[in-house]
Structures are given as structure tokens and as C-alpha cells.
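The values are calculated or read from the model by the stated rules, or taken from the named source; none is laboratory data. Keep in mind it's a predicted model, so treat the numbers as computed, not measured. Glycine gets a Cβ as well: all are built from the backbone with ideal geometry, and neighbour counts include every protein chain shown. Side chains included, ligands, DNA and RNA excluded: accessible areas come from the protein's heavy atoms. Shrake-Rupley method; radii C 1.70, N 1.55, O 1.52, S 1.80 Å.
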Amino acid sequence: MAEWVPSPNHDVRRPTLIVVHFTQQDSVEQSLHTLSTANSHGRVSSHYLIGKDGGLYQLVADEHRAWHAGAGSWRGMSDVNSFSIGIELDNNGVEPFTEPLIDSLLVLLEDLTARWSIPREAVIGHSDLAPTRKVDPGPLFPWQRLHEAGFGIWPEPALMTDPPADFDPLLALERIGYAVDAPEATIRAFRHRFRGMEGTQLDAEDLRILHALWQAQSGAR
């Protein structure tokens, strides 16, 4: 319908966020099949899959849009598939993540953040962007270890103080990046990530963590 007049002034899709998932399946072979075909909700894919033994598989090119995130948002932006890289981890959701898997993940994160200039803190879980639908990578995922390697966010001990009386935890969650239209689901996702436990109500320790993250985020902007 249009006359094609090609211009050299274009570029590939540049991802700005990395989303970590667990497969909730029994084997890497099963997950490779699912990520190449479909699950109960339709066709699904990710850019990478990491096996329990640390084996790394790429299924979709980084510059292409994989179907891994689904409905949800992060920092007010929806259609997360369009600006993210999805990494599936071979884990059934009830067992600890293996050392070879985490070691391989850290190597991959180092490569992706450097190669695409993705901020090293821009690593989140599937449940962070879709707290009403998803729980992966779950409370057993070692977020603190990732932070110690330089990825994702984690509260700094020096900032872990009691918040002031007018502190608004939902506003703090929103500042971090969470959608807060379903507060209990968001709190559950937050507690999975920062406490490694279940719960839909914030306690005093949650508030100290949120206050520390709030201060760090405010200082970075």
C-alpha cells in the first residue's frame, strides 16, 4: 500500500528490563518443548532457559519480542514483553534453585546488562510485574545473592530504620515499581522477594525494608 523507500536510520529493539521466571515443570526437556509450542494458556516463549545443571539455551533473539511476561506492568509501563528479556529457570517452584543454575544466571546477567546497557538493578521477577497472576520465581529465589553480585535491588542495612509516622507503604511500593491496584497481591509479591515468605499484610520489618528501598530510590532519582 506504500512505496518502499528504505532508510538506514533505524535500530533493533533495545531491551531495558530483565524478567526472571521459574518453569514450574519437571525437566528442562519438557520446558524446551513448552517454550517452543504452548501451555494451557496458549503459545509462550522466553529468550533464555537455564537448566538445573547450568546449561543455557536461547530460544528467541534478544532483539525480538518473546511471549513471557503477559498482562502486567512495571513502573507504570505495560506490554512488558516489548521492552524486556525473559529468562526461564528450570525449577518446579518448591525446591531450592541449584548452584549451577544460579551461577549460570549470574554469568548471563553480566553479559546482558553489559551488552544491552540494561541498568543492573533492572532485574525483576514475574510476580513483581504481575502480582495478581504469578508467583514466580517464588520465595525460594535468592534475590539477596543476586544483589550481592550487583543485580536487582535490595535494602541497604544502613537505611533499615523505622519509617516516620506519615510513611505511606503503598506509595513506596509504587515508587519501587509495583502496581498497587491490588494491594494484597502486591504485598505478597514484595514479601516473596524481600522476605522469602508468604503473607499479604505488612509487618514492622516489611516497613523498614520498604523505607530503606524508598530512601535508596529517592536518592537515585
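Data table
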quantity	calculated
Residues of the range 158-179 satisfying the condition of being more than 13 Å from ALA212 (Cβ to Cβ), hydrophobic (A, V, I, L, M, F, W, C) and open to solvent by 40 Å² or more (accessible area, probe 1.4 Å)	ALA165, LEU170, LEU171
Residue tally, condition under 19 Å from GLU148 (Cα atoms), at pLDDT below 95 and either within 18 Å of the chain's Cα centre (by Cα) or open to solvent by less than 50 Å² (accessible area, probe 1.4 Å) (or both), over the range 182-221	2
Number of positions in the range 35-58 that are open to solvent by 20 Å² or more (accessible area, probe 1.4 Å) and more than 14 Å from LEU108 (Cα to Cα)	11
Among residues of the range 34-48, those that are under 19 Å from ILE85 (Cα atoms) and not in a loop (DSSP other than H, G, I, E, B), counted	6
So ALA61, is it touching a residue at least 40 places away in the same chain (Cβ under 8 Å), assigned to a loop (DSSP other than H, G, I, E, B) and within 20 Å of ALA122 (Cα to Cα)	no
Residue list for the range 1-21, restricted to those being acidic (Asp, Glu) and either in contact with a helix residue (DSSP H, G or I) (Cβ under 7 Å, 6 or more places away or on another chain) or closer than 30 Å to ILE50 by Cβ (or both)	ASP11
Selection within the range 22-33 - within 17 Å of GLY70 (Cβ to Cβ) and outside any loop (DSSP other than H, G, I, E, B)	PHE22, SER31
Residue count, the range 112-122 (criterion: open to solvent by 20 Å² or more (accessible area, probe 1.4 Å) and either within 12 Å of ILE18 (Cα to Cα) or under 14 Å from the mean Cα position of the chain (by Cα) (or both))	5
Any hit, the range 10-21, residues being among the β-branched types (Val, Ile, Thr), modelled with pLDDT under 95 and outside any strand (DSSP E or B)	yes
Test: residue in the range 97-107 that is open to solvent by less than 60 Å² (accessible area, probe 1.4 Å), farther than 19 Å from ARG13 by Cα and touching a His at 6+ places or on another chain (Cβ under 7 Å)	no
Selection from the range 123-151 of residues that are hydrophobic (A, V, I, L, M, F, W, C), open to solvent by less than 40 Å² (accessible area, probe 1.4 Å) and under 15 Å from ASN92 (Cα atoms)	PHE141
Segments classed as helices (runs of 4 or more DSSP H), wholly inside the range 79-196, with at least 1 members that are free of Cβ contacts under 8 Å to residues at least 12 places away in the same chain	99-116, 143-148, 169-176
